[in-house]
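The values are calculated or read from the model by the stated rules, or taken from the named source; none is laboratory data. On a predicted model such as this, the values are computed, not experimentally measured, just so you know. When we count neighbours, we look across all protein chains shown, and the Cβ atoms used for this are built from the backbone with ideal geometry, even at glycine. Accessible surface is based on the protein model in full, side chains and every heavy atom, while ligands, DNA and RNA are left aside. Shrake-Rupley method; radii C 1.70, N 1.55, O 1.52, S 1.80 Å.
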Amino acid sequence: MNILDGKALAKKIKHSIKEEVKSFGRKPKLVVVLVGEDQASLVYVKNKVQACADVGFSSQLDMFEKDVEENVLLDHIRRLNEQEDVDGILVQLPLPSHISMHKVIDAIDPSKDVDGFHPNNMGKLFSGDLEKAFIPCTPLGIKLLLDEYNIDVKGKNVCIVGAGFIVGKPLSMLMLSYDATVSVCHKYTKDIVEYTKSADILISATGVPFLIRDFMVKDGAVVIDVGISKVNGKIVGDVDFESVSQKASFITPVPGGVGPMTVATLLLNTLKAYKQRL
Ligand code: GUN
């Protein structure tokens, strides 16, 4: 079993961004918008802001009360769209239920949509225009991590467990773009094991701790764990690492796998936005 070391690759990517940014006259700038005080979200956005500082980007954290009116948030985003010095805008999800996620995402200028969630960018991903599109951070991070270990997805059975908007759906399209045979399982899938068992590359993004057990995994499979949950005060993933690592050829740890890659790809997307806007 080999570890897919996302922490190490993220560090390498951040180092190269930092070197590149040194020669820039103006620093790339990311604005992170957080609504409410969900503790996990707060940790994530602070990580993102810190990562900007680490590589020499400027950043700004705009916080709103959880009962903020939708229109106030939409107006704020429109103002950020107009600001010349803002390259990237990220609205942390999930949003409170009285706010329409789709309205908020649609309001972001696609050229500043470093999350890649705007229909314009999702559409480019769907149609295969990967050069121009902003690819959502977690799917892109997973692809770069596989690339780093020379794991080609072409012709492979890739099984994605979890069909969410942030990871499962865009990841399925990204994997399909690279000629994988993709199956996407979700909570209404009749027999998940039927799919996971035949996967050469198994990716779980559900947030259900220890969902993926050894009997569900093919010998020699590559296993990617996107889950982050807290169980008895400890950070764990979707994968029962102890048993599954006995069968997998490659596996991501939690923490230190996909998580750091998601932050690194956010920086890459912000750099891309900066360059495209020059
Ligand atoms: N919440 C969990 N993951 C993400 C992400 O990648 N982007 C945003 N905006 N919110 C998230």
Flagged in region 53-92 as acidic (Asp, Glu) and in contact (Cβ under 8 Å) with a residue 24 or more places away in the chain, in numbering order, are 54, 62, 65, 67, 70, 85, 87
Can you pull out every residue in region 75-101 that is open to solvent by 40 Å² or more (accessible area, probe 1.4 Å) and touching a Leu at 6+ places or on another chain (Cβ under 6 Å)?
101
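Which fully enclosed strands (runs of 3 or more DSSP E) of region 165-242 have 1 or more residues being crowded, with 20+ Cβ neighbours inside 10 Å and of a type in the set (Asp, Glu)? Full working, then the answer.
On the way: elements: 181-185, 201-204, 222-225, 229-231, 234-236.
The strands (runs of 3 or more DSSP E) meeting that bar are 222-225.
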Report yes if some residue within region 52-68 is within 15 Å of the ligand (Cβ to nearest atom) and either within 21 Å of residue 163 (Cα to Cα) or in a helix (DSSP H, G or I) (or both); otherwise report no.
yes
Residues being free of Cβ contacts under 8 Å to residues at least 40 places away in the same chain and either hydroxyl-bearing (Ser, Thr, Tyr) or over 15 Å from residue 176 (Cα atoms) (or both): count how many of those fall in region 148-161.
1
Could you tell me whether any residue of region 207-224 is in contact with an Asp or Glu (Cβ under 7 Å, 6 or more places away or on another chain), modelled with pLDDT under 95 and of a type outside the set (Ser, Thr, Tyr)?
no
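Conditions (1) among the hydroxyl-bearing types (Ser, Thr, Tyr); (2) over 30 Å from residue 112 (Cα atoms), marked per residue:
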site	(1), (2)
189	yes, yes
225	no, no
245	yes, yes
251	no, yes
255	no, no
266	no, no
273	no, no
For region 107-124, how many residues are more than 14 Å from the ligand (Cβ to nearest atom) and assigned to a helix (DSSP H, G or I)?
6
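Of the residues 214, 191, 225, only one is acidic (Asp, Glu), over 16 Å from residue 253 (Cβ atoms) and touching a residue at least 24 places away in the same chain (Cβ under 8 Å); which? Lay out the reasoning, then the answer.
Numbers: 191 fails: touching a residue at least 24 places away in the same chain (Cβ under 8 Å); 225 fails: over 16 Å from residue 253 (Cβ atoms).
Step by step, each of 214, 191, 225 is checked, and only 214 is acidic (Asp, Glu), over 16 Å from residue 253 (Cβ atoms) and touching a residue at least 24 places away in the same chain (Cβ under 8 Å).
Return the only residue of 72, 43, 49, 104 being touching a strand residue (DSSP E or B) at 6+ places or on another chain (Cβ under 7 Å), of a type in the set (A, V, I, L, M), open to solvent by 30 Å² or more (accessible area, probe 1.4 Å) and in a helix (DSSP H, G or I). Outline the logic, then answer.
Details: 72 fails: touching a strand residue (DSSP E or B) at 6+ places or on another chain (Cβ under 7 Å); 43 fails: touching a strand residue (DSSP E or B) at 6+ places or on another chain (Cβ under 7 Å); 104 fails: open to solvent by 30 Å² or more (accessible area, probe 1.4 Å).
Just a single option satisfies the conditions, and that option is 49.
What residue, of 151, 135, is surrounded by fewer than 24 Cβ atoms within 10 Å (Cβ to Cβ) and part of a loop (DSSP other than H, G, I, E, B)? Before you say what the answer is, go through the steps one by one.
Working: 135 fails: surrounded by fewer than 24 Cβ atoms within 10 Å (Cβ to Cβ).
Criteria check complete, one pass: 151.
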Check residue 95 against each of (1) within 30 Å of residue 5 (Cα to Cα); (2) in contact (Cβ under 8 Å) with a residue 60 or more places away in the chain; (3) over 15 Å from the mean Cα position of the chain (by Cα) and name the one condition it does not meet.
(1)
